[in-house]
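The values are calculated or read from the model by the stated rules, or taken from the named source; none is laboratory data. Everything quoted here is computed from the prediction, not taken from an experiment. No Cβ is skipped: glycine too gets one built from the backbone with ideal geometry, and neighbour counts run over all protein chains shown.
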Amino acid sequence: MANTKITAFLSLLLVFCSGIVVGAVGYRVYNARVAVAVKPPEKRSPEEFRKMLVDEMTREVHLDDKQVTLLKQIYSETAASFDEARSRENAKLRAEGQIIHDQQVEKVKNILRPDQIPLYDALRARHEAERKSRRKGPPDQK
């Protein structure tokens, strides 16, 4: 009698646990989220973006023709200022990079023997020529 009660209890427990597992799996399958491809926003040129801003300002803020002209001028001046700032930063970065490179060259030369320095200079000159030719691009085919 005790054996049948234990067997019945274990059977009930097994059915209950299997119901939990089947319910969890069913829930996961039923509520599975589908991956949706999101199209990245289109890349606009600065001119297109400026035109969009002017159009939006004209529409939303009700600008008159004189204000639109002045707004375009302001946006153009701002773009020129940003371009100038970027070019200054690039020049500053190039100058700092050149200083770091020169320091590296000096450190390398300090570990070389005197007979190795001309070979190192020739190697650097060849690398510099290759770098310049890559920067220019392939020669024109005629």
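Laid out as a table, the results:
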| quantity | calculated |
| --- | --- |
| Residue under evaluation residue 62, criteria (1) at pLDDT 85 or above; (2) farther than 27 Å from residue 80 by Cβ, criterion not met | (1) |
| Residue match in the range 41-52 (condition: among the hydrophobic types (A, V, I, L, M, F, W, C) and modelled with pLDDT under 85) | yes |
| Within the range 1-115, helices (runs of 4 or more DSSP H) holding 1 or more residues that are of a type outside the set (A, V, I, L, M) and touching a Lys or Arg at 6+ places or on another chain (Cβ under 7 Å) | 65-111 |
| Matching option when the condition is of a type in the set (A, V, I, L, M, F, W, C) and free of Cβ contacts under 8 Å to residues at least 12 places away in the same chain, among 53, 63 | 63 |
| Residue list for the range 57-68, filter: exposed (fewer than 11 other Cβ atoms within 10 Å of the Cβ) and among the β-branched types (Val, Ile, Thr) | 61 |
| Selection count, the range 66-96, where residues are without any contact (Cβ under 8 Å) to a residue 12 or more places away in the chain and touching a helix residue (DSSP H, G or I) at 6+ places or on another chain (Cβ under 6 Å) | 0 |
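Yes/no per residue for (1) over 30 Å from residue 125 (Cβ atoms); (2) surrounded by 10 or more Cβ atoms within 10 Å (Cβ to Cβ); (3) aromatic (Phe, Trp, Tyr):
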{"position": "45", "(1), (2), (3)": "yes, no, no"}
{"position": "89", "(1), (2), (3)": "no, yes, no"}
{"position": "93", "(1), (2), (3)": "no, yes, no"}
{"position": "98", "(1), (2), (3)": "no, yes, no"}
{"position": "114", "(1), (2), (3)": "no, no, no"}
